[in-house]
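Reviewing the structure listed below.
The numbers here are math on the coordinates, done by the rules we state, and not lab data. The model shown is predicted, which means the values in this text are computed figures rather than measured ones. Neighbour counts are summed over all protein chains in view; Cβ atoms, including those assigned to glycine, are modelled from backbone coordinates with ideal geometry.
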Amino acid sequence: MGEYVFHRGPACDFWGFSCDTVMKSSYSMVWGVPLAVWGLLYYGILFFACIAYFDMRKSVFVHFIMLAVAWGIVFSGWLVYIQAMRLHAWCLYCLISEVLAAVMGFALLISIYPVRIKKK
């Protein structure tokens, strides 16, 4: 995101990651808006939905969060596929976001279906 603000090159072109290749691909924009901006919007809305739930305790927020996290996991899977199979390049920031989506999904599953440990 900073590369869009400061007009510099990608900050994560190291250790074999090639954010420049990913960010300059045809897959990096949706409706003329960079995916980084969409990601910021997504995580911002998700954050405020969580705050709203903890404040009001309405189930509509839980359902929205569940749908948003499910959508995030599917979209992140698609982005991993694009990086691996189409671009043959990896963006570190993108991978962090994609792992975060998977962790949120796992945390959501655990909160919905708590693990029951049997005591001996």
Close pairs (7 angstrom Cβ cut-off, 6 or more residues apart or separate chains): over 15 Å from W71 (Cβ atoms) in segment 23-47, part of a loop (DSSP other than H, G, I, E, B) anywhere: M23/P10; M23/C91; A36/M1; L40/M1
Residue, farthest from the chain's Cα centre (by Cα), within segment 51-80, restricted to residues that are loosely packed, with under 15 Cβ neighbours inside 10 Å, β-branched (V, I, T) and under 21 Å from L100 (Cα atoms): I51
